[in-house]
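To start, the structure itself, in structure tokens.
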Amino acid sequence: MRITKVYTRGGDSGNTSLVGGARVRKDHPRIEAYGTVDELNAIVGLVRTFNARSDADPDRIAELDRMLHTIQNDLFNLGSDLATPADKRWEGMYRVGDDDVARLEGWIDHLNAELGPLKEFILPGGGPVGAFFHQARTVCRRAERDTIRLMEQSEDVGLGPMRYLNRLSDYLFVAGRWAAKSLGEPEYLWERPGQR
């Protein structure tokens, strides 16, 4: 693929093109879903940037970056899937599915093995890397909600995107805790009323 011109003026009226050329409003559920996935991908890019600048052990920085690099590619593939109506999919088109979910589950188990059990809810924070992980987690949950709305309108979406996003939000939570621990950042716990 080669992009030679960034602006087309095609969206000036509030419409945009899906993969295959169909024109829809920019607030169409399909656009909302893949737009939120794109936003999530941008935040994962912020996590990677701050992780690379951190003072953590270089091996831990590299391990986390490898995971996040894969996730960014998954999210790009997922966005492409959500942007493509069923009748415009092509043979061999990659769709995020069971293998990608299983990979996330393996990473969650691996990172979680180094963490102590949770005794209270965690407040977002844990240094810049941890805080961006929490932001990514909340945007991932919004992507889930947007995808559910799209699934109600278009049954062709399938369960793959929803399963991936659901597991990814779990990964982002655990990875945020793991990153805070690796960087020696404190975790802020929710204090029940009357405990403050």
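We did not get these values from a lab; they are worked out from the coordinates using the rules stated. The shown structure was predicted, so the numbers you read here are calculated from the model rather than taken from an experiment. Glycine gets a Cβ as well: all are built from the backbone with ideal geometry, and neighbour counts include every protein chain shown.
List of remarks:
- Put simply, when 166-178, 71-83 are sorted by average Cβ atoms within 10 angstrom per residue, most first, you get 166-178, 71-83.
- Close amide H contacts of LEU189 (hydrogens built in the peptide plane, cut-off under 5 Å, sequence separation of 5 or more or a different chain): LEU123.
- Average Cα contact separation per residue, the range 114-196, under 8 Å, 6 or more apart, as relative contact order %: 49 percent
- As a proxy for reagent exposure, ASP65, ASP98 were ordered by neighbouring Cβ count within 10 angstrom, fewest first; the result is ASP98, ASP65.
- Computed FRET value (nearest 0.05) for ARG66 with LEU159, which takes r as the C-beta separation and R₀ as 35 Å: 0.85
- Phi angles of the range 109-125 translate, via the Karplus equation with coefficients 6.51, -1.76, 1.60 and θ = phi - 60°, into HN-Hα couplings of 4, 4, 6, 5, 4, 8, 9, x, x, 7, 10, 8, 5, 9, 7, x, x Hz per residue; Gly and Pro are given as x.
- Which of MET67, MET162 has the fewest Cβ neighbours within 10 Å, and the rest in rising order: MET162, MET67
- Distance (nanometres) between label positions extended 7 Å along Cα→Cβ at LEU46 and PHE121: 2.2 nm
- Averaging Cα coordinates gives a centre for the range 68-110 and one for the range 146-161; these two points are 14 Å apart.
- Length available on full extension from PHE76 to GLU91: 0.36 nm per residue minus the Cα-Cα distance, which gives 3.6 nm.
- Where labels lie 7 Å past Cα in the beta-carbon direction, separation of ARG192 and ILE148 in nm: 2.8 nm
- Ordered by the count of other Cβ atoms within 10 Å of each Cβ, fewest first, THR147, THR84 give THR84, THR147.
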